[in-house]
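Before any comments, here is the structure.
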Amino acid sequence: MKRILVIGASGFVGGHLTRQLLKENYTVRCLARNPDKVKELAELGCEIMKGDLSDSRSVEQAIASMDAIYISIHTLAPQHKDTANLGFMDIEMNGLKNIVEGCKMHHVQRLIYVTSMGISADSKDAWTSGRWKTQQYLLNSGLNVTVIQPGMIVGIGGQGFNMVLTNAQKRTAFVIGDGRNKFRSIAIDDLTYNLIGVMNEPKAYGQCYEVGCDDILTADQLIDAAADATGHRHPRKVHIPLALLRFAAPLIEFIAKSPKGSIKGALDGLGADLVGDPAAIRKLLPRAPLTYRQAVERAYKIYQTNSRVA
């Protein structure tokens, strides 16, 4: 059985991916800046190595003896103190360079990178254009790289979906933007199916795959459909202009201790449609994904169970 390193296991996608890999009896190692955040994964049998993407030595040590690497990192989060003056995509690019160098040092060829839909050469905002550059860097690294680009991820713990679910249960929903931008979504279990499914597939080398279900809904419709799935009335929508939030972005970054430019970069990309086309990945991995409603119902059941336990 292959030995897998997950970089970003303390995050939403990385945590789900790690748990599924362990269920499927892979040997899994995680690189974590704060091992306390992944104690649950350690209890499940995951090896935890303390380290940071900005530290090439810790990255190289984590890669040693591995067969494949998953990268699911979130540069909106506060970073290491040594990166305080770097832009958010500079932090990510520097980290990816450390990973590529570590892979070449230890002769590890397989690398799978999670980004998001809407990333292309025509991207205008800092977030998606930065991600385009990181994707191209990895695809041209000489390694066997696959890039997975999900739409909005439906699952408890996902920041975007948490906001949708919270709004769906209120009388008044606060929506960033005009509510008309369109999204394709994907259940977190379907995303992990795709991530693990491409690992041993040579046809996926050098490819970018957009992944998602067949439903395409606006931001307002996502909230209303979630309300339907959870037995709530459609809330009244109050739309918050993106321009207002962009103006306040530097202050938000300061308060949240997020990397320079990260909040503005994310906001700049929020008005775009994230629809994509999952046809290519489905030729490779044919399992039908959950519909948006099915994914919401599954996530809401987990939310209710967790609430009762708490």
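Key figures
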| quantity | calculated |
| --- | --- |
| Antiparallel content of DSSP bridges confined to the chain, in %, to 5 | 10 percent |
| Entries in K23/K203; K124/K182; K37/K283; K2/K133; K2/K50; K2/K97 that, when Cα-Cα distance is taken, lie over 27 Å | K37/K283; K2/K133 |
| At R0 = 30 Å, FRET efficiency that the Cβ-Cβ distance of S120 and R293 yields, to 0.05 | 0.55 |
| Segment 283-310 versus segment 26-68: alpha-carbon centroid distance in Å | 28 Å |
| Span-rule helices in the chain, defined as complete DSSP H runs reaching 24 Å or more along the axis (Cα) with Kyte mean at least -0.5 | 88-105 |
| Phi to ³J(HN,Hα) by Karplus 6.51 cos²θ - 1.76 cosθ + 1.60 over segment 208-216, Hz, x for Gly, Pro | 10, 10, 8, 10, x, 7, 8, 7, 10 |
| Mean Cα-pair separation over length for the chain, i.e. relative contact order, pairs under 8 Å, 6 or more apart, % | 19 percent |
| Estimated 222 nm signal from helices in the chain, with DSSP H stretches of n ≥ 4 weighted -39500 (n - 2.57), rounded to 500 | -13500 deg cm²/dmol |
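Just so you know, all these numbers are worked out from the coordinates, no wet-lab data involved. This structure is a prediction, so every number in the text was calculated from the model and none was measured. Virtual Cβ from ideal backbone geometry, glycine too; neighbours counted across all protein chains shown.
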